[in-house]
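Below is one structure, written out as structure tokens, with a few remarks after it.
Nothing in this text is a laboratory measurement; each read-out follows from the coordinates by a stated rule. The model shown is predicted, which means the values in this text are computed figures rather than measured ones. Every residue, glycine among them, receives a Cβ derived from its backbone with ideal geometry; neighbour counts consider all protein chains shown.
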Amino acid sequence: MSQNNQEIKKGLYLVSTPIGNLRDITFRALDVLKRSDFILCEDTRISKILLNKYEINSKLIIYHKFNEKKNLSKILNLLNNELVISLISDAGTPCISDPGIILVKECIKKNIKIFPIPGPSSVISAVSMSGFSDQFFFYGFFPEKRKKIIEDLSKMSEINSSIVFFISSKKLKKIVPYLKEYFIDRKILVCKEMTKYFEEFIYTDINKLTLFNLELKGELTIVISEKKDDEKDKFMLSESDKKNITRLINKLSIKEIVKIISENKKISKKEIYNYCIKLKND
């Protein structure tokens, strides 16, 4: 008996869909979607483009971040009735900066079987072509509040690996000044419209980062490089440190500045002190 004719196991299938190019989908993903009793999707208009292309006629249920909790009991009842339910997002893998976590947690609690169907990933694709470290920290989308953004970027700036995040093109301009402050000595890759005909990849140093002349649309995948692998640099002031000292020099004493800048860092206190004196004398 061929694999396609085998009875499919009942449960929840997390099916990865293309991130742009509709041909980037696995045979297994198509088979599962065709044999699903129901497909949970964020936006039927977007999902039907893919499903119609591959003649998939399974019933659709709208499932997005605004109705996750409301539809939870209904979906769990379907799963308890020994049905095959697939969850897809508009692009990529469900539950990764997309709806699904609430449902997955409940399925785990109730011992409902979950099956991941792997596929395209903008995160992995971006890291693989970045030329940066293959050890990476995935952040996802930025929060709305400025205070939280600054707090998170400050923490991430201490991580010595590649850092990946998503951002809408409309919000990129707001984030650029913070990237320059916290990641000034690193490189950056901006990926737009990945796997599509007009895909574009922008490599640059963060200190040279501009607001771009080209018109960016949709969601962007950003990769920031690891820290410089230079032991000597760990003990020297970064451009970000120098900017902070300049901002504080007329507000605090040199002793206070030394304490703030050296906290949780390996920078020499003498290095900080000398830079403060230099600023005072200029």
Requested in this report: Using only alpha carbon pairs under 8 Å that are at least six residues apart, calculate the relative contact order of the stretch 141-217 and give it in whole percent.
Outcome: 28 percent
Requested in this report: Could you work out how far apart the two model spin labels at I102 and S168 are, taking each label as a point 7 Å from the Cα in the direction of the beta carbon, and quote it in nm?
Outcome: 2.0 nm
Report task. Note down the Stokes-Einstein diffusion coefficient of the stretch 123-224 in µm²/s, whole number, using a Kirkwood radius over alpha carbon pairs, 20 °C, and 1.002 mPa s. Result -> 156 µm²/s
Query raised in the report: Using a cut-off of 19 Å between alpha-carbon atoms, which lysines can reach K53, once sequence neighbours fewer than 8 places away in the same chain are excluded?
Result: K34, K196
Query raised in the report: Counting Lys and Arg as +1 and Asp and Glu as -1, each charge on the Cβ, what is the dipole of the chain about the Cα centre in debye, to the nearest 20?
Result: 980 debye
Report summary line: Here the averaged projected area of the stretch 231-281, based on the convex hull of its alpha-carbon atoms and given in nm², is 3.2 nm²
Report summary line: Over all Cα pairs of the chain, the Kirkwood radius sets Rh, and Rg/Rh then becomes 1.09
Query raised in the report: Roughly speaking, what is the centre-to-centre gap between the stretch 21-44 and the stretch 69-137 when only Cα atoms are used, to the nearest Å?
Result: 13 Å
Requested in this report: Kindly flag which residue pairs out of K155/K269; K65/K171; K155/K227; K109/K155; K70/K217 have an alpha-carbon separation exceeding 24 Å in this structure.
Outcome: K109/K155; K70/K217
Query raised in the report: Using the beta-carbon distance between K259 and S161 and R0 = 41 Å, what value does 1/(1 + (r/R0)^6) give for FRET efficiency, to the nearest 0.05?
Result: 0.90
